[in-house]
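Structure first, then comments.
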Amino acid sequence: MSTLRRLRTNKLLTVEELSERTGVSVQTIYNLERGDISNPRIATVKPLSEFFEVDAALLVPALNQDRDAA
């Protein structure tokens, strides 16, 4: 299970509710949870990371790989 999905379900939110609260589209949230978006825009990830009060790199594994390579 992706970190995003785990955070969302821990707060007992549907994808639709998370979309309403963050302004990120339902389809984009689904795609992020499935890992279908490998390099999302920061404008997409930032509202989610702020909502969950976590580092954006926790939500997108590719960001962790970029950080590790630096």
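The values are calculated or read from the model by the stated rules, or taken from the named source; none is laboratory data. Keep in mind that this is a model prediction, so the values were computed, not measured. Positions of Cβ are generated from backbone atoms using ideal geometry, with glycine treated the same way; all protein chains shown enter the neighbour counts. In case anyone asks, the SASA skips ligands and DNA or RNA and just uses the protein heavy atoms, side chains included. Shrake-Rupley method; radii C 1.70, N 1.55, O 1.52, S 1.80 Å.
Among 26, 45, the order of accessible area from largest down is 26, 45, computed with a 1.4 Å probe on protein heavy atoms. Residues 50, 20, ordered by accessible area of protein heavy atoms at a 1.4 angstrom probe radius and largest first, appear as 20, 50.
Run through every distinct alpha carbon pair of the chain and return the Kirkwood hydrodynamic radius in angstroms, one decimal place. When all Cα pairs of the chain are included, the Kirkwood radius is 12.0 Å.
Per residue of the chain, the DSSP helices (runs of n ≥ 4 H) give a summed -39500 (n - 2.57) that works out to -19000 deg cm²/dmol at 222 nm. Computed over protein heavy atoms with a 1.4 Å probe, the accessible surface of the chain works out to 66 Å² per residue. The trypsin sites (Lys or Arg not before Pro) of segment 12-61 that meet both conditions, a loop assignment by DSSP and at most 10 other Cβ atoms within 10 Å of the site Cβ, are 41. Neighbours of residue 34, meaning other residues whose beta-carbon lies under 14 angstrom from its beta-carbon, give a summed charge of +1 when Lys and Arg score +1 and Asp and Glu score -1. The charge dipole of the chain, taken about the Cα centre with unit charges on the Cβ atoms of Lys, Arg (+1) and Asp, Glu (-1), comes to about 80 debye, rounded to the nearest 20. Straightening the chain between residue 38 and residue 25 buys 3.0 nm, computed as 0.36 nm per residue apart minus the Cα-Cα spacing.
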